[in-house]
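Undergrad: One structure follows; several queries about it will come next.
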Amino acid sequence: MQGRNCTTGKSSTAFKQELLKNLLRGLRARTDACAFSAMSVHERKRAVKSSADVAMAAARGVGARWPKAILAAAAASTSSNRSSCQVRSSRFRRVARRCFFREKRRGPAAGVAAASSVDVARRLVRRRTMALRKVIPGGDAAMDEASLLREAMDYVVHLRAQVDVLRRVSEAMQIRSSLLRYAPSSIHGQEASSSMRQ
Amino acid sequence: MSGRRGRISDEEINELISKLQALLPESSRRRNAIRSPASKLLKETCSYIKSLHREVDDLSDRLSELMSTMDNDSPQAEIIRSILR
């Protein structure tokens, strides 16, 4: 099972619980400010994604750079409203640009035996390192290779946890809303009465 | 352990590389060429992060749709938390 060497400070479950708590709080805060039903589809999606990222970053805390970068970006976007919209769309631009970094293999140029495979390999590593920096929040900051690899590992581990939490929340909500639709009165006693009544 | 040192030892890099490799999905490990493991690894890591990003995007979309069809009561949130514990 992967993750044996993971470098998280907290246990996986503790992190997910923290993430979940932050996520629910964040979503509630947003819906308090502006009801989801009043937002456009796009605004709603953006709000949820942003809440998920902020929740993940806040749950991670210190010990890595990427959380700070996420929180800084979120703070900037709330104040200026310029948006995580830019971050989102540039994410897709990056996906499109993947092809750009495909390795170009050339035979040794005539007469320039010094353009060795070592140089090509080095250039390739450099290009791919740059590409990696772009997908890690705060990866653009000056840091050596080893730190970048550590950031990447840390980020991957916590991204996976974020995916897991989001998946479970969606499933739980899905189950819940179908239960409500078909048998509103049969939900467990305590919570059923007050909140579920439509 | 900030990036102030001039050179990180090869050993340390190799250790990080193998740890990172352990995190990536199975398929990328099998195809790993000896020739330039570093660049292969960087590419796989980059791809993996991007695919995780896509997953998060899709799940967030789904979640936002689900939320829009529900009441916005905060008790909902408490209930969900209790389901997931």
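The values are calculated or read from the model by the stated rules, or taken from the named source; none is laboratory data. Just so it is clear, the structure is predicted and the values come from calculations on it, not from any experiment. Here the Cβ positions follow ideal geometry from the backbone for every residue, glycine too, while neighbour counts run over all protein chains shown. To get the accessible areas, we keep the full protein, side chains included, count just its heavy atoms, and leave off ligands, DNA and RNA. Shrake-Rupley method; radii C 1.70, N 1.55, O 1.52, S 1.80 Å.
Undergrad: Give the stretch B:37-62 a look and list any residue that's free of Cβ contacts under 8 Å to residues at least 24 places away in the same chain and either more than 7 Å from chain A (Cβ to nearest Cβ) or open to solvent by 40 Å² or more (accessible area, probe 1.4 Å) (or both), or say none.
TA: B:Pro37, B:Lys40, B:Lys43, B:Glu44, B:Ser47, B:Ser51, B:Arg54, B:Glu55, B:Asp58, B:Arg62
Undergrad: Regarding the stretch A:155-172, can at least one residue be identified that is modelled with pLDDT under 90 and facing chain B (nearest Cβ under 8 Å)?
TA: Within the stretch A:155-172, one or more residues are modelled with pLDDT under 90 and facing chain B (nearest Cβ under 8 Å).
Undergrad: Still on this model: Pull up the stretch A:41-72, narrow it to residues that are of a type outside the set (D, E, K, R) and open to solvent by 50 Å² or more (accessible area, probe 1.4 Å), then point me to the one that is nearest to A:Val163 (Cα to Cα).
TA: A:Ala58
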